[in-house]
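A.B. asks: Sharing a structure below in structure tokens format, with a few things to ask.
Rule-based calculations on the coordinates, nothing more; no lab input. All of these numbers come straight from a predicted model, not from anything done at the bench. Cβ placement follows ideal geometry from the backbone for every residue including glycine, while neighbour counts extend to all protein chains displayed.
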Ligand code: ADP
Ligand code: MG
């Protein structure tokens, strides 16, 4: 193209495109979902801008916020056009090629590990999936602040941008022309595209229209002469036709009344087939969250989750859908994904919530800080407020008082949803245990029901994926700490393989036992072999194994569970319940006996230790180094040291 400027893709982008264009076995269908989602994003942006500046929308067709899809069978091309915000020349350069997004390298890494290309949308590089089906792509775009441009590329390491002086004027928005590869001709079908839109883009909040072509039989009037010419000579008529013609003539002469005369004046008609092209809506762009919760089926929720999360191969683990009334009214749907996104804990404090904010159905933001606390950033969902102001900037909205109310309520509902999962697991486990006892009495094997198994597994699945988030919640969210603590799970000396709750621990505490014992360490093995644990286990106490680096921080923030204090078994003041007099006497005697040794040892070690004491806590190990009651534990010291290095 004349005047085109050619530029190389950024190296990683080029590498990624190479993989995409040569990918043979991945699900190519997803390209349409990605492009439609970009079109919807662009429409959201212009709608948002138009709230404060109505002129941004433009007039006539340009103002219609919709997405149009059409096919050109001769050119083997699909066109997708939106009336969104469009891109300036600079946007084109930056967004489509020269700057690698943060997700690019992460995506490449996943692909190298044999990851699924389907994930592409999550890495923020969905646009490039168009090269799954295309060997040439044109992006024609017009932004309100700039001229109309064409971006084009054959995915051969470079792209070109030129001003579009010849093409149809878009007014505003973007049109993507997708020239299909030979191996992707299946997409050159209206039926196929329709199916994809219905499968993947059902919940897009803008009308998606497709230009449909069909042939229709139609009655058209014929002129007198034409009609005569049409009449075949008698010898060419078949017997049937001749009879029909005769009957018609008879009819004319016999029955004559006013009405018939009217009809008689009507011109004769003939049937012709006509090709009709028509824009047809493919989605009903309904807002699922506005419907009463009881009216939405599980299947619809699952579809909605898939659309929101761009993870269409899995159903959500749990969901909550509710309507809040009062001073601040809003509707919300939130989902717990079944697995954690690839980067959930990479940049915890930099993470933004994936719950989108709408105000009266207008999309405001998909990363509204302060809508949810950081520890809940794993949730996927949507909030639509009826009472927040629309005609203010995002920054002003961020400061709105109503937001605090929404946040508080969302957190409560999220905790309820997680608690429900946890309770389901506990109940399933108890039911199974009871059944086992019954069956054992009857000398029969106990089998868990499928449903029980499912309930049991759901929380384990949740906890494996998001347990760390709950712990961060305990650490950071003081107002909800009490609600979160029962949701934590640990391994213990009595349950080294299955996670237990603090309630499980409390339920089987020994008589007279006042504390919940725990030990922090780097692995289950290490903790299990610890001499501190050893003696307690020998005496029949259960010790919680805290082997997650976060556990230590958790324990610094919580001191008791249901009036039972936590006790770190590696700290010096550990007291065991129920010592009898005999034991106490023996202890006193031994202390006296070893006093000189302790004294000698303290002198030898000097300031390296605070003191040397005779202890009864060990079973077979002769001595241990312990932390003082108010000091740091060994693990904490390790963490602190690692941080200052
Ligand atoms: P993401 O949508 O996650 O940002 P994509 O690779 O899908 O990543 O798109 C890259 C960027 O290109 C978008 O962020 C947007 O700025 C721009 N873009 C893509 N398609 C459109 C479009 N139809 N209208 C306006 N901008 C678009
Ligand atoms: Mg996208």
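A.B. asks: Between segment 516-549 and segment 44-64, how far is it from one alpha carbon centroid to the other, in angstrom?
C.D. replies: So the two Cα centres are separated by 63 Å.
A.B. asks: What is the diffusion coefficient of segment 77-165 in µm²/s, taking the Kirkwood radius over Cα pairs and the Stokes-Einstein relation at 37 °C with a viscosity of 0.692 mPa s? Walk me through the intermediate numbers first.
C.D. replies: On the way: Rh = 14.3 Å.
Diffusion coefficient, whole number: 230 µm²/s.
A.B. asks: Sticking with this structure for a sec: Can you sort 472, 185 from fewest to most other Cβ atoms within 10 Å of each residue's own Cβ? Please report the intermediate quantities before stating the final value.
C.D. replies: Values: 472 22, 185 12.
With the sparsest Cβ surroundings first, the list reads 185, 472.
A.B. asks: Please give the Cα centre distance for segment 69-107 versus segment 303-334, rounded to the nearest Å.
C.D. replies: 29 Å
A.B. asks: So what's the Cα pair-distance distribution over segment 140-230, bin width 10 Å, in %?
C.D. replies: P(r) over segment 140-230, rounded to whole percents: 11, 24, 29, 16, 12, 7, 1.
A.B. asks: Let me ask something else about it. Run the paramagnetic zone check for residue 386: 7 angstrom along Cα to Cβ, then residues of segment 311-326 with backbone nitrogen under 11 Å.
C.D. replies: Once the point is set 7 Å along Cα→Cβ of residue 386, 323-326 turn out to lie under 11 Å by backbone N, inside segment 311-326.
A.B. asks: For the chain, what is the largest minus smallest coordinate of the Cα atoms on each principal axis, given in angstrom and ordered from greatest to least?
C.D. replies: Rounded to whole Å, the extents work out to 136, 71, 52 Å.
A.B. asks: Right, something else. For n ≥ 4 DSSP H runs only, could you compute -39500 (n - 2.57) per run for the chain, divide by its residues and tell me the 222 nm figure to the nearest 500?
C.D. replies: Rounded to the nearest 500, it is -12000 deg cm²/dmol.
A.B. asks: For segment 1-39 and segment 150-215, compute the distance between their C-alpha centroids and round to whole Å.
C.D. replies: Answer, in whole Å: 13.
A.B. asks: Also, quick follow-up: Go from 0 up to the bin containing the longest alpha carbon distance in segment 338-421, width 5 Å each, and give me the % of pairs per bin.
C.D. replies: Pair shares across the bins are 3, 13, 25, 25, 17, 11, 5, 1.
A.B. asks: OK, next. Taking the simple approach of a point 7 Å from Cα along Cα-to-Cβ for both residue 457 and residue 7, what is their distance in nm?
C.D. replies: Spacing of the two 7 Å Cα→Cβ label points: 4.9 nm.
A.B. asks: Okay, next question. If you fit an axis through the alpha-carbon atoms of helix 401-441 and take the longest principal axis of the Cα set of the chain, what angle between them do you get, 0 to 90°, nearest 10?
C.D. replies: The angle comes out at about 70 degrees.
A.B. asks: Okay, next question. Using a 10 Å cut-off on Cβ atoms, rank the peptides 42-49, 331-338 from the highest mean neighbour count down.
C.D. replies: Numbers: 42-49: 20.1, 331-338: 23.0.
Ranked by mean Cβ neighbours within 10 Å, highest first: 331-338, 42-49.
A.B. asks: In addition: By how many degrees, between 0 and 90 and to the nearest 10, does the Cα long axis of helix 634-644 differ from the longest principal axis of the chain?
C.D. replies: Orientation of helix 634-644: about 60 degrees from the principal axis.
A.B. asks: Where the convex hull is taken over the Cα atoms of segment 1-102, what is its projected area averaged over directions, in nm²?
C.D. replies: One quarter of the hull surface, i.e. the mean projection, equals 9.4 nm².
A.B. asks: Can you give the three extents of the C-alpha atoms in segment 345-473 along their principal axes, from longest to shortest, in whole Å?
C.D. replies: 71, 32, 19
A.B. asks: Cα gyration tensor of segment 422-529, axes a ≥ b ≥ c as square roots of the eigenvalues: rounded (a/c below 1.5), prolate (a/b > b/c) or oblate? Mind showing how you got there, number by number?
C.D. replies: Details: a/c = 1.87, a/b = 1.44, b/c = 1.30.
It comes out prolate by the Cα gyration axes.
A.B. asks: So, one more: Show me 55-61, 96-102, 137-143 ranked by packing, highest mean number of other Cβ atoms within 10 Å first. Show your work: numbers first, answer last.
C.D. replies: Working: 55-61: 12.6, 96-102: 16.1, 137-143: 23.6.
So the order, starting with the most tightly packed, is 137-143, 96-102, 55-61.
A.B. asks: Using R₀ = 45 Å, calculate the FRET efficiency as 1/(1 + (r/R₀)^6) where r is the Cβ-Cβ separation of residue 438 and residue 295; round to 0.05.
C.D. replies: For residue 438 and residue 295, the calculated efficiency is 0.65.
A.B. asks: Which angle from 0 to 90°, rounded to the nearest 10, does the C-alpha axis of helix 30-52 make with the longest principal axis of the chain?
C.D. replies: The helix 30-52 is inclined about 90 degrees to the chain.
A.B. asks: Of the listed peptides 9-15, 162-168, what is their order by residue-averaged count of other C-beta atoms within 10 Å, with the highest listed first? Mind showing how you got there, number by number?
C.D. replies: Details: 9-15: 17.0, 162-168: 13.6.
Per-residue Cβ counts within 10 Å, averaged per peptide and sorted highest first, yield 9-15, 162-168.
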